[in-house]
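Beneath this line is the structure, given in structure tokens, with notes to follow.
The values are calculated or read from the model by the stated rules, or taken from the named source; none is laboratory data. Just so it is clear, the structure is predicted and the values come from calculations on it, not from any experiment. Positions of Cβ are generated from backbone atoms using ideal geometry, with glycine treated the same way; all protein chains shown enter the neighbour counts.
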Ligand SMILES: *Cc1c(COP(=O)(O)O)cnc(C)c1O
């Protein structure tokens, strides 16, 4: 089994720490949860990443979603290259923005009108403002372990990055603002109803990851999501599906297509920029028209709808529509996960797995978790030992048990077999002891 030398990554991280807080521009990259040194990358192609020490990795993060057709896909590269020659930003409208809007609308019919922004955080932040402006109400309900970006109102029991570092929520969020946010257990209908009944007169919106990817991979239960739809409809509150991660990752129409539930607003990000920084939100025309300049709720962005990002996004969305890879992705993810599970169970290690389309999760537990408390109870020591061994052996899984896994159309039999062979060797070497 390989044991990659990562001397350059170690040196680069050391320097980065003198320049940036924690050495990174986004916390999960620091590998704190598994006590590891982050890997610094230089290039990527297909299913593979290559680091500063010239090691090769099979990538199961895919930039947290966007690399669904593989890294450096020729169609996306050439779309971006062509646009670079024509200009990188005009600060004015282009037909490229309508191209992306049309493609997204075609796949997600609940989106009647859409606005492009630069990140998922901007998207969810504005859905909340729009819901409050439209309803004239203040309160929102979210769910423990759902992450909706680093929006002040939504950094309450926010999963992944926050859970990874054990912060229940963040300093810097005024209590006066947090008091409008109510968080209940995911997939817990009773708890939701209790809070809903208490605050429904002032309830602007319910926001949820219908398929959660920030407490590990935990899909919503159908009757739970249906209840959210029924109650918000009855109360004229806005139901917001945060599909920043699940959008164009679990199916062409997102989680809302899989469950056949229509939200009022949807937040998107990650995949829709083809690897460039993009977010978007959209939904019912009546609500979206409440947004400036057609309505009174303000939102703006100097680089929003950036031509490079729109060119990359268009190329990727067209590929996804043409190839509709989601069944194949799920099939390949199943081979990978069933294989891993068989190896773990053979060695007496409790292991549970789940996947939908190109997203997946595995847990060191007998039973699949249904919420973030269940995930918290899964084994940390084995997870951390396993993850460090995988990464040093060239298998790049997400470095926190609160993150999901991602597979791309370029992960074929060869990559999956190599992964399983490596996992087998790692288990034989031993992953159950405290190091
Ligand atoms: C990543 C993510 C966000 C935030 O998107 P950024 O582009 O990182 O700001 C919001 N919601 C969900 C579900 C996400 O996975």
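Hey, residue 400 hits all of (1) at pLDDT 95 or above; (2) closer than 20 Å to residue 145 by Cα but one; which does it fall short on?
Every listed condition holds for residue 400 apart from (1).
Is there a residue in the range 209-230 that is touching a residue at least 40 places away in the same chain (Cβ under 8 Å), part of a strand (DSSP E or B), buried (at least 24 other Cβ atoms within 10 Å of the Cβ) and away from the ligand (no atom under 14 Å from the Cβ)?
Looking for residues that are touching a residue at least 40 places away in the same chain (Cβ under 8 Å), part of a strand (DSSP E or B), buried (at least 24 other Cβ atoms within 10 Å of the Cβ) and away from the ligand (no atom under 14 Å from the Cβ), one finds none in the range 209-230, hence no.
Considering each residue of the range 132-151, count those that are under 23 Å from residue 188 (Cα atoms) and within 15 Å of the ligand (Cβ to nearest atom), and give that number.
9
Can you name the residue in the range 247-263 that is within 15 Å of the ligand (Cβ to nearest atom) and under 21 Å from residue 185 (Cα atoms) and is also surrounded by the fewest Cβ atoms within 10 Å (Cβ to Cβ) among such residues?
256
Looking at the range 262-294, which of its residues are touching a residue at least 12 places away in the same chain (Cβ under 8 Å), in a loop (DSSP other than H, G, I, E, B) and farther than 23 Å from residue 319 by Cβ?
Filtering the range 262-294 down to residues touching a residue at least 12 places away in the same chain (Cβ under 8 Å) leaves 262-285, 287-291.
Add one more test, that the residue is in a loop (DSSP other than H, G, I, E, B), and what stays is 262-264, 269, 275, 277-278, 284, 289-290.
Result: 262, 263, 264, 284, 289, 290.
Just a yes or no: is a residue in the range 196-204 within 15 Å of the ligand (Cβ to nearest atom) and not assigned by TED's automatic domain parsing to the domain that holds residue 407?
Looking through the range 196-204, none of the residues is within 15 Å of the ligand (Cβ to nearest atom) and not assigned by TED's automatic domain parsing to the domain that holds residue 407.
Counting just the residues of the range 15-41 that are in contact (Cβ under 8 Å) with a residue 12 or more places away in the chain and in contact with a strand residue (DSSP E or B) (Cβ under 7 Å, 6 or more places away or on another chain), which one comes out surrounded by the fewest Cβ atoms within 10 Å (Cβ to Cβ)?
Of everything passing the filter in the range 15-41, 40 is surrounded by the fewest Cβ atoms within 10 Å (Cβ to Cβ).
Output the qualifying pairs, or none if there are none: Cβ atoms under 6 angstrom, residues six or more apart or on different chains, first residue in the range 113-126 and farther than 16 Å from residue 309 by Cα, second residue near the ligand (Cβ under 6 Å from one of its atoms).
Partner pairs satisfying both residue conditions: 121/149; 124/148; 124/149; 124/242.
Just need a number here: residues in the range 4-47 that are assigned to a helix (DSSP H, G or I), touching a helix residue (DSSP H, G or I) at 6+ places or on another chain (Cβ under 6 Å) and away from the ligand (no atom under 16 Å from the Cβ).
7
Can you tell which of 312, 339 is at pLDDT 95 or above and not assigned by TED's automatic domain parsing to the domain that holds residue 383?
Numbers: 339 fails: not assigned by TED's automatic domain parsing to the domain that holds residue 383.
On inspection, the qualifying residue turns out to be 312.
Given the residues 68, 76, 80, which is the only one that is touching a strand residue (DSSP E or B) at 6+ places or on another chain (Cβ under 6 Å) and in contact (Cβ under 8 Å) with a residue 40 or more places away in the chain? Can you show your working first?
Working: 68 fails: touching a strand residue (DSSP E or B) at 6+ places or on another chain (Cβ under 6 Å); 80 fails: touching a strand residue (DSSP E or B) at 6+ places or on another chain (Cβ under 6 Å).
Going through 68, 76, 80 in turn, just one is touching a strand residue (DSSP E or B) at 6+ places or on another chain (Cβ under 6 Å) and in contact (Cβ under 8 Å) with a residue 40 or more places away in the chain: 76.
Taking the range 108-131 as the search range and keeping residues that are part of a helix (DSSP H, G or I) and surrounded by fewer than 20 Cβ atoms within 10 Å (Cβ to Cβ), which one is nearest to the ligand (Cβ to nearest atom)?
Restricting to residues being part of a helix (DSSP H, G or I) and surrounded by fewer than 20 Cβ atoms within 10 Å (Cβ to Cβ), the top hit is 121.
Only one of these is buried (at least 23 other Cβ atoms within 10 Å of the Cβ), more than 26 Å from residue 156 (Cα to Cα) and either at pLDDT 95 or above or away from the ligand (no atom under 16 Å from the Cβ) (or both): 76, 104. Name it. Full working, then the answer.
Numbers: 104 fails: buried (at least 23 other Cβ atoms within 10 Å of the Cβ).
Unique residue meeting the criteria: 76.
Filter the range 231-240 down to the residues that are under 28 Å from residue 279 (Cα atoms) and either without any contact (Cβ under 8 Å) to a residue 60 or more places away in the chain or away from the ligand (no atom under 16 Å from the Cβ) (or both) and list them by number.
231, 232, 233, 236, 237, 238, 239
Of 196, 186, which residue is touching a helix residue (DSSP H, G or I) at 6+ places or on another chain (Cβ under 6 Å) and not in a strand (DSSP E or B)?
196 is the lone residue from the list that is touching a helix residue (DSSP H, G or I) at 6+ places or on another chain (Cβ under 6 Å) and not in a strand (DSSP E or B).
Exactly one of these conditions fails for residue 244: (1) closer than 17 Å to residue 142 by Cα; (2) assigned to a loop (DSSP other than H, G, I, E, B); (3) more than 11 Å from the ligand (Cβ to nearest atom). Give me its number.
Among (1) closer than 17 Å to residue 142 by Cα; (2) assigned to a loop (DSSP other than H, G, I, E, B); (3) more than 11 Å from the ligand (Cβ to nearest atom), the lone unmet condition for residue 244 is (3).
Report, by residue number, each residue of the range 232-241 that is within 26 Å of the chain's Cα centre (by Cα) and not in a loop (DSSP other than H, G, I, E, B).
Result: 232, 238, 239, 240, 241.
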